[in-house]
Each structure stands twice: as C-alpha cells, then as structure tokens.
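Asks: Sharing a structure below in structure tokens format, with a few things to ask.
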Amino acid sequence: MSAVWGIFRKTLKDNIVFRIIFMIECFVLFTMMINCLRARCDYSFASDNLYTPSGLGDWVTDENGTGYQAASSEALGDNILVNTDFFVLYPGSYCVKVVYTSQVSYLEESNFAVGTGYLNLNGSHEGIYYRFDSMLLRDGLNSVEQTLQVTSPWKISDFQMTLSYSGQGSLTVYSIEITENVLYKCLILAGVFLFFILLDIFIYLMFMGSGYPYIKELGVLTLICTAACLPFLTDWIFAGEDSTFWAAQIRLLAEELFGGNDFSSVRSMLTDSNGYTAASTYGSLFMLLPALLFRCGFSLTFAYNFYICIVSVATCLVTYYCAFLIFEKSNPALLASALYTLSAPRLTSILSLASLGEMTAMTFFPLVLLGFYQIYSAPRGEKIFFVRYVPAVIGLIGVFNSCVPIFWMTCLLILICCVIMIKKTVQLPRIAALAKTAACTGLFNLLSVILGLTSAGKSLSEGSIAWEDGAYLLQIFNAVVSNDQPGYYETGDAAGAVSKSIGFSVTFGLILFLVYLIKKRWKGGSLTQKSAGFASLCWGMALFTIVLSSVYLFYDYLDFLPGQFLSVLSGRLAPSGWLPFAVLFGIFCTCGIADSTELKDIFQGVPVILLLCMTLTLNTGQIYSDQMQTSSMERLSDNLYEYINLQQ
C-alpha cells in the first residue's frame, strides 16, 4: 500500500495533466458529498395542504381517514382532482406514495390494470421543464409507490404534483407522501469514487506508467467492453421481445427481497394475474443485483441497463481468462474475447429478444469449456485436482441459475463430448474428476432450489419441439445480421423476424479451419498439436450444434421419444437456442488456428487475426445500425402494475 501511495504522490507531483484530472475528480466528489450531508427532503400532503381546483368532489371521512372523493356515472376526460403547493426537490431519489381507494364502475375485457386516476409529477428550473412518468392509481390497491429520480445537478424549486381523475367510478385520495432515499446518494457517491479510482489506474497504466507489460491487453479489453456496453449507456432501453417481462421480474423480485417474502417460484402478478412459473426457467440469483439497485432508489431503466453492462464486461473478462489458459497466448485470447462478447447471437439476444437469462448463461459457457478442457488435457494416469475442474463447476452452477433449460442443453453436449472422447473418458482419474464435477454442481444447484432462487420442477415437462422455429442455412450463415427480414414461415409472433445468423466472423472462422485442415492434410501432417486437436473437436461440435439449430433435423419426427428426453433436447427453447453453443465452439476453433503457420501465406501476409477483427468490427457496426432502424427505444416505468397484462 505504501508503494502505491508513493507512485500516486510522484505522479501527482510530476504530471500536470494527472494533477488537473485529480482536481476535477475531487471537486465532483466534494459536491456530491455536500449533497449527501444535507438534511433529508421529505414531504407529506394530506387534507390540510391538498388543493381542489376543479371542484369535482367533496371531502369525506371514513375508516381510512379524511380524503377528497370524486365520483361519476359517466365517462369523463382527464380532470385535475387535487394538486399540491410548489415545493423544492434536490438531486436524488425519492419514493412517492399515494394512499387512496378507487372503484371503476365499468370494466373492459382487459380489466386488471385499470383505475380512475393518475398522479402526475412535473417541475421546471430556469425555463427547463421536467416531466416524470404518471402513476396509475389502480383498482384493488390501497396505495401505490413509485421511484422519482431528480438527476439534474441543481435543485428544482418549483416542483408540483397533480392528481387527475378520469373514467367512470369513484376515487378518494387521502394523502401523497414523498420520502427521500438516503442510501441512493451514498451508493452514487461510492460508485463515482470507485469509477474515479479505476479511471486513474487506467490512465496511469496506459499513458503514464513505465514498464507495464500488459498495456495491449488492457487497452483491447477496455475497447471490447466499451463496444459491448455502448448501446446501454443511456436512459432508454431497446424494446426487445421480453424486455417488459424482465422489467416485471426485477420489480417483483425487489418486492420479495425487501418485503420479507420467500422467493416464490410463481410470479402471481404475471400473465393476467394467472401466474407464471418463472423460476422453473430462469433463476433469480443474478437478478438480485438489478432488484437491489431498483430497491435502493435507482430507476428500473438504469437497473436494467446496468445489469446488461455488468454481464457484458464479465463475459469479456471470463472469455479472455478461459481462452488464455487454453491457448497460453495473449493474441488468441483477446480475439476469442472480442468474437464472443460481440457475437451476433449474443447481441441479438440482448437487443432484439431481451433474453437476459440466456445472455447471462452465455457468460458461463467458456468456464464450462475450460473446465472440461483441463480435465481431458491432463496427462494419462495423473491425478486431477479440484483446481482443474472448478471452472466447470462454477460454469454449470452459473448456467443453472441463469436459465434452467440451457443447463440441460449444456449437460447433453457434455455427455456427447464424453462419448466422442470415450478412450480418455474411461480412464479412472478422469472418471473421478467428472463424478466430482457432477456431484459439486448438483449439490450447489440443489441449494439454489431449496432457497427458492431456482426451481427445476417443470423444466422437464412433456412437450414436442417447435421444429418450424429452426433456421435455414441461408439464415445461419447470412453475413448480414438483420431483424427486418421476412421469416421463412409464419409464427404469429415477433420471433419469426429475429435474425438467426451466427455472424460473418464466426462463419469466416469455420471456413478458415477447413482451409487449415486441407493444407495440413495436403502436406502430409497430422493434428498432433494440442491446440489444433482441441480446435478440431470444437469445429465438429460447432457443425453439430448448427445442425441441431436448423430445420433439417426434422424435430417433428422425434415425438416417439420419451417426453422428458424430448424436453431436454428441446430445452423448452426454439431450436435456434443451440446457436450460442455453435458460436462458442466456432470461436474457440478459430482462435486455436488463427496464428498457425499454415494460414500465414493465404492472404498475402495479412494476419488472419487482423482480418477477423476487421470483419467483427463491420459486423458489430451493422448489427447496431440495424437495431437503431428496426427497434424502438423506451423508458421503463417503475410502476409494477404497468406490466400485469403481459403474456409470456
């Protein structure tokens, strides 16, 4: 620690640029600290300080207290029922709570998310107008709460709340309360402080340090993480197919987390209040992070985007770590990290489908691959210690707690690989390592089931495979990853328009391995090199999973199989759910031979890694461009009851 302090003092003294950056950071932290130390900003509005400009109703007193009641037997437009005085709000996060009773006299077919009033929040500062999401005063509740964030750097001195009455029925408003979340300010301060520390370290290592041996790796990994997180560094989200579902999941989990309830496997508020067994498909362990952020006062949009960024950074770093241990070189590891983090199926699952469970599971695929690589690369007869297969254990636990069906798909692929390498599998040390891996994984996953974070109860339910949702080869190997193409079939939903391409970079890599294989055989060589043998297995598994994801397997002719096996094979996902596995195997196959001597003279001396990076850059830019044209942007409402009509 003293050495670090000495380096910091010396750099601060000798470098004027670093000194200016440090002074700016100190000013920002000091300003935020002043905001944290000020008194709490709480307000309560009741019968003595609520105003009734429209005169639509009368003051009444009942068992809930004194409130202002309006009633109408005819449909009315929005009318201001009550409003508050102007008041001051400082930068921060607030919990707005309305106590009321509502009864709609006429309910339409979709009648779960209805009410007779809305609370509007608005304010302005020096000509700049602020508007916040309206809160529906839904029937069947006595109160509603919603997070209100003031993100401006200055206070809003003329903030006001108005409550509108509309529709047929009665509405009684008793009180409106605003409570500041102090923890939010502290977390923001701690987060900015940590960010400044990481920024200073990055600046020092990249531009001011001398002799740091990993500048290239640090710079490239930072560039990959930035490219993966760039679309989510905003106050909007891409409206994917399941974004509403995951927003409701985060909101419901936050209520369970701080409401003293157990983690229920059934989300009773989903699918028109009929309930949905979300935990039978998606675990809740990793979703605790956005739920915790949301409960601490951050907006639902921020929690959603922050989670995607954290998972993207983790995917980049985990892939680099695993690839470096497998290939024992930096360049192939960096290439694998870039290709996998920015792969087409992964970006599509985030941007178009909003499949956060599948996206999280993809983070752990490289760990599973590393663990079994280390088990099978151990010398014959040598005892295999826990350190060799612990990545597989961690990876399988992570996949299970992310998406249960993908866990069973992963287990099926592991079984197939064990059969392919049967000569190595039957060796006693490897059998022991595989058994310990399975035992450790089962033990920890059973613990997750007991805690209610995941439920595997219905993940093996009987059913047939939706073979028609498979992809044609033209889709899988399409160089243009577009979601605006007409599907090859009619599905009745948006899934048919989602791209199912593995991306041009992965396709290019699979072709390169075929060229490598031909040149190797043409010269009379053999694949005795360890990385080349591993690449051969990955190439074969990539082609196998591509076949599984296609329409050519004729899944509808497999209905004679037992229902449980059929459900494992389908994974309760579309056949295109096998594409992420194809991408994983294809990328590690490509990186295993990218810097081989057989490929150096193919492109007139141009490094293959450079060509792959160029294709990846073009493919990623094209994907982002397509998303901007075909997807809509939205800001998630913090009100849970905006989501109760969603169908899963």
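Asks: Within region 32-50, which residues are surrounded by 11 or more Cβ atoms within 10 Å (Cβ to Cβ), under 15 Å from Y184 (Cα atoms) and over 34 Å from the mean Cα position of the chain (by Cα)?
Replies: Correct list: R38 only.
Asks: Next question. Of everything in region 622-637, what is in contact (Cβ under 8 Å) with a residue 24 or more places away in the chain and more than 19 Å from the chain's Cα centre (by Cα)? Give them in sequence order.
Replies: Q622, D626, Q629, T630
Asks: In region 61-82, which residues are surrounded by fewer than 14 Cβ atoms within 10 Å (Cβ to Cβ) and not in a loop (DSSP other than H, G, I, E, B)?
Replies: Of everything in region 61-82, those that are surrounded by fewer than 14 Cβ atoms within 10 Å (Cβ to Cβ) and not in a loop (DSSP other than H, G, I, E, B) turn out to be T61, D62, G65.
Asks: Same structure again: If we keep just the residues of region 420-437 that are within 14 Å of F372 (Cβ to Cβ) and of a type in the set (D, E, K, R), which is least open to solvent (accessible area, probe 1.4 Å)?
Replies: So the residue we want is R430.
Asks: Same structure again: Go through region 8-25 and count every residue that is in a helix (DSSP H, G or I) and polar (S, T, N, Q).
Replies: Residues flagged as in a helix (DSSP H, G or I) and polar (S, T, N, Q) within region 8-25 amount to 1.
Asks: If you scan region 312-347, which residues turn out to be open to solvent by less than 10 Å² (accessible area, probe 1.4 Å) and among the β-branched types (V, I, T)?
Replies: Listed by number, the residues that qualify are T315, T319, I326, T341.
Asks: How many residues are in contact with a Gly (Cβ under 7 Å, 6 or more places away or on another chain), surrounded by 13 or more Cβ atoms within 10 Å (Cβ to Cβ) and among the hydrophobic types (A, V, I, L, M, F, W, C) when one looks only at region 177-233?
Replies: Counting residues in region 177-233 that are in contact with a Gly (Cβ under 7 Å, 6 or more places away or on another chain), surrounded by 13 or more Cβ atoms within 10 Å (Cβ to Cβ) and among the hydrophobic types (A, V, I, L, M, F, W, C) gives 1.
Asks: Determine whether region 26-44 contains at least one residue that is in contact (Cβ under 8 Å) with a residue 60 or more places away in the chain, among the β-branched types (V, I, T) and assigned to a strand (DSSP E or B).
Replies: For region 26-44, residues in contact (Cβ under 8 Å) with a residue 60 or more places away in the chain, among the β-branched types (V, I, T) and assigned to a strand (DSSP E or B): absent.
The values are calculated or read from the model by the stated rules, or taken from the named source; none is laboratory data. Just so it is clear, the structure is predicted and the values come from calculations on it, not from any experiment. A quick note on method: Cβ atoms are made from the backbone with ideal geometry, for glycine too, and the neighbour counts reach across all protein chains shown. All accessible areas refer to the heavy atoms of the entire protein, side chains included, with ligands and DNA or RNA removed. Shrake-Rupley method; radii C 1.70, N 1.55, O 1.52, S 1.80 Å.
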